[in-house]
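I have placed the structure first, in the form of structure tokens, so that the comments after it can refer back to it.
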Amino acid sequence: MSEEKVFLVRVLNLERDSGYFHAEFSKDAAEEVEAAPGKRCVVNHNGLRLGEVMSLLSAGEGIGEQLEQMLRWASPDDLNAHIHNQADAERALSSMRETISHYDDLPMHLVAAEYTLDRSHLRIYFTAPHRVDFRSLLRDLAGRFGARIELRQMGARDEACLKGGIGRCGQIICCHRFLREPKPVPMELAYDQELFVPPERITGVCGRLNCCLAYEHKAYKCEFAKMPKLGEWVAYNGKRGKVIARNIFRHTVTLLMGGKERIEVEAVKVKPSTSEKKTA
């Protein structure tokens, strides 16, 4: 008699997919199943792939039929094959770069490659300035490597997700560490946060604006709403000044006073000016 289980598995592929997989175990294997988190396994996810169990739960009736299969616990041979395939994929990538150099009409930049566990499928990631017709290249590569070849085009953010890197914060970049679906970051987010700096100061290793601008955007909007607006005339110590800068961390505003003097004061100490505005 078998027991149905559903496992949340992190697939050990370049895209670091995760999902729910179905498996059946005999009652005799119950103790091994309960100790599953952290255990390596083999799953059917667009081919055979190595995975790591994150958690497990009992499946409702019929749920398992809708999920991909967790086939078995990984054996030492599976673990060795995974390591060997990673090294072979790097060698294949170097060979493919040489092959592509003979195609004048393929402006492709190869990023990474990976085999399935059984080496039946080789996926190649690349970037290009536009869509490319690589049908002739596919035929060439399939004959050379004896596997089904998949070429997957990606953008600059996707390349950073795969390869990783260190951000200005000194941490591994978010998209490689935990952010699975990076979204476009418009320049308006920088303007809303009053980051009047050269673009390279707020650009990530992918060449696009830092994703963390989106994390902080709501907090900036909330804090700035409590302060006088840029360009607004305010009163401070009986004098009038124009707000030319704001700092949410120090909770201060910088004022341009009538005599062209610049002073930084606490935002709570300034009041709206009710008198007629004049040029600073």
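Annotations for the structure displayed:
- The stretch 146-164: number of residues that are in contact with a helix residue (DSSP H, G or I) (Cβ under 6 Å, 6 or more places away or on another chain) and surrounded by 15 or more Cβ atoms within 10 Å (Cβ to Cβ): 3
- Odd one out for I166, checked against (1) more than 16 Å from C206 (Cβ to Cβ); (2) hydrophobic (A, V, I, L, M, F, W, C); (3) within 16 Å of the chain's Cα centre (by Cα): (1)
- Test result for A89, in contact (Cβ under 8 Å) with a residue 40 or more places away in the chain, touching a strand residue (DSSP E or B) at 6+ places or on another chain (Cβ under 9 Å), of a type in the set (A, V, I, L, M, F, W, C) and surrounded by 17 or more Cβ atoms within 10 Å (Cβ to Cβ): no
- Restricting the stretch 147-182 to residues that are at positive phi and in contact with a strand residue (DSSP E or B) (Cβ under 9 Å, 6 or more places away or on another chain), the residue that is modelled with the highest pLDDT: G165
- Entry remark, the stretch 96-122: residues being hydroxyl-bearing (S, T, Y), out of contact with any helix residue (DSSP H, G or I) (no Cβ under 7 Å at 6 or more places or on another chain) and surrounded by 14 or more Cβ atoms within 10 Å (Cβ to Cβ) number 1 in total.
The values are calculated or read from the model by the stated rules, or taken from the named source; none is laboratory data. Model, not experiment: these values are computed from the prediction. Because the Cβ atoms are built from the backbone with ideal geometry, glycine has one as well, and the counts that use them run over all protein chains shown.
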